[in-house]
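Reviewing the structure listed below.
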Amino acid sequence: MDHADVLRQAAAAGVKLVSLYYCDNNGVIRGKTTHVSGLEQRLRSGIGLTVAMQAMSSMDELQVVEGMGPVGEVRLAPDPATFEVLPYAPARALMLTDLITVDRRPWGACPRDFLKRMLARAEALGLTFQAVMEPEWFLATKHGDRFAPLDESLDNSSIGSTFALDVIDDVVEALEAQGLRVEQYYPELGHGQQELSIRHAAALRAADNHLIYRETVRNVAWKHGLYASFAPKPFPDQAGNGCHIHLSAWNADGTANLFYDPADRQNLSALAYQFIGGVMAHLPALIALTCPSMNSYRRLSPGSWSTAYTCYGPDNREAALRMPSLFWGAEMASTNLEFRPVDSSANPYIALGGIIAAGLDGVERGLRPSGGQWIDVDPAHVPPEELERRGIQRLPQTLQESTQLLRADTMLTDALGPQLTTSYLAVKQADWDLFSQHDAEFEIRHHFYKY
Ligand code: GLU
Ligand code: MG
């Protein structure tokens, strides 16, 4: 897709408004909208945005970050490859953007550029990544100022499917119309909780797809008079919403999955083990990028399949990294690692970029994961002394704990770069300062409908 294709498609579909979106340091999707008459100009020069937006907290309180005050702007530069006419609002389209400086360079606080930089680092090692985010979400109704789950259905139950039927059918149609291929659907464990997975894609596209997915689900649900919540723990007495990330490393032309080795007892290559070694080495700090909201830590607890320990294991849904069993007849293609301590309050570019940075560090340094952290049982059922002996620890239990670890992890902060690190940590600190002074109800109210 080039600029001419975008203009042609917009005209053919009768689009009037085109939203240029980005995802901020809080995981919030924001942006500005142009009338189609200005689209040609916007494709060339973007839309101006104050530099302050990346220092804006999740409660819209501007934090003090050098160079991100009232003076100066960046541009929302739309990527033509992301143009989508919105099936649920056909007079509108969206495009996802990079934040670039007015002298046309990538801005140091642009999350999408961070992921691109990590993919370039992978490419230098001859690697390309396929990935997918696997979001869970609740359908809810609102009564006064309180939300309630759509139904009381059981995990995988056909009755849950009945309640959500019309919404799910419309979501599927809308995702397909935007080129996202649907893989599986089922009513999840929580009352009103849904899981509808889509097909993997090249890593940048996978992160873009997650934003398109969130927009689609929220808007389609809204048209049905329902609220869709991607918050990590929207109902304290129900299952949490994970957004597990599956990924695999391929050769440059995408013909061979380099994580696959049939000679290994787990079908994993030496490269895959190095990648695991890197992720495990940085895992506690990485949590600040993948479980980045106050509400994330209400989900991240033992016994809830969200994972709560630094361990990895085969088909282990209580391990931070699961090595999923392979599809019969498609062993090479289906080899992947599933990173589980991640939710949709994460910025998908930052979360995926962070995981890839950690994994590549393992590859570059030839790390091997510790044998003690390999586990094929629920770590919560292992006696504490054995966990300690095996080097298996609890993941950070608060946003403050994880952000302190991130601050100290120079590999991750160097990868993020100074502007992204500083602005990211500033808005996380603001969240901690505010929400740690309030109760669970306040926290949930301000996370329920933010993602
Ligand atoms: N809802 C769980 C989570 O918070 C995941 C359940 C599952 O394994 O699909 O991650
Ligand atoms: Mg699930």
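All of the numbers you see were taken from the coordinates with simple rules; none came from a lab. As the structure is a prediction and not an experimental result, all values here were calculated from the model. Here Cβ is always computed from backbone atoms with ideal geometry, including for glycine, and neighbour counts include all displayed protein chains.
Just want to confirm a number: the relative contact order over region 171-319, from Cα pairs under 8 angstrom separated by 6+ residues, in percent.
Computed over region 171-319, the figure is 14 percent.
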Are there trypsin sites (Lys or Arg not before Pro) in region 243-304 that DSSP marks as loop and that have at most 12 other Cβ atoms within 10 Å, and which are they? Arg265
When the helix-only estimate is applied to the chain (DSSP H runs of n ≥ 4, each -39,500 (n - 2.57), divided by the residue count), what is the mean residue ellipticity at 222 nm, nearest 500 deg cm²/dmol? -11500 deg cm²/dmol
Within straight-line cross-link reach of Lys32, lysines at Cα separation under 21 Å, skipping those fewer than 8 residues along the same chain: Lys16, Lys450
Pull out a ≥ b ≥ c, the square roots of the eigenvalues of the alpha-carbon gyration tensor of region 321-366, then state rounded if a/c is under 1.5, prolate if not and a/b is larger than b/c, and oblate in the remaining case. oblate
Find the relative contact order for region 1-140 and round it to a whole percent, using C-alpha pairs within less than 8 Å whose residues are 6+ positions apart. 23
Net charge of neighbours whose Cβ lies under 12 Å from the Cβ of Arg112, counting Lys and Arg as +1 and Asp and Glu as -1: -2
Assign unit charges at the C-beta atoms only (+1 for Lys and Arg, -1 for Asp and Glu), then state the dipole size of region 43-117 relative to its Cα centre in Debye, rounded to the nearest 20. 320
If you project the alpha carbons of region 307-451 onto their three principal axes, what span does each projection cover, largest first, in Å? 47, 35, 33
Using Cα-Cα distances under 8 Å and only pairs 6 or more residues apart, what relative contact order does region 157-222 have, in percent? 31
Would you mind ranking Trp107, Trp432 by Cβ crowding within 10 Å, fewest neighbours first? Trp432, Trp107
May I have the convex hull volume per residue, in Å³, for the Cα set of the chain? 149
Set of aspartates and glutamates near Lys142 by C-alpha distance (under 14 Å), chain-local residues within fewer than 8 positions excluded: Asp151
Eigenvalues of the alpha-carbon gyration tensor of region 107-246, times 5 and square-rooted, give semi-axes in Å, largest first, of 31, 16, 14
Two-decimal Rg/Rh across region 42-141, once Rg and the Kirkwood Rh are taken from alpha-carbon atoms: 1.03
Distance between region 366-430 and region 144-201 - C-alpha centres, whole angstrom: 31
Distance in nm between Asp103 and Ala124 label points, each 7 Å along Cα→Cβ, equals 2.3
Size of electric dipole in the chain: Cβ of Lys, Arg +1 and of Asp, Glu -1, about Cα centre, debye, nearest 20: 980
Counting other C-beta atoms within 10 Å, which of His143, His246 has the fewest, and how do the rest follow? His143, His246
Taking the mean number of other Cβ atoms within 10 Å as a proxy for protection, how do you rank 49-57, 10-18 from highest to lowest? 49-57, 10-18
What net charge is computed for the residues neighbouring Gly179, neighbours being all others with C-beta under 11 Å from the C-beta of Gly179, Lys and Arg scored +1, Asp and Glu -1? 0
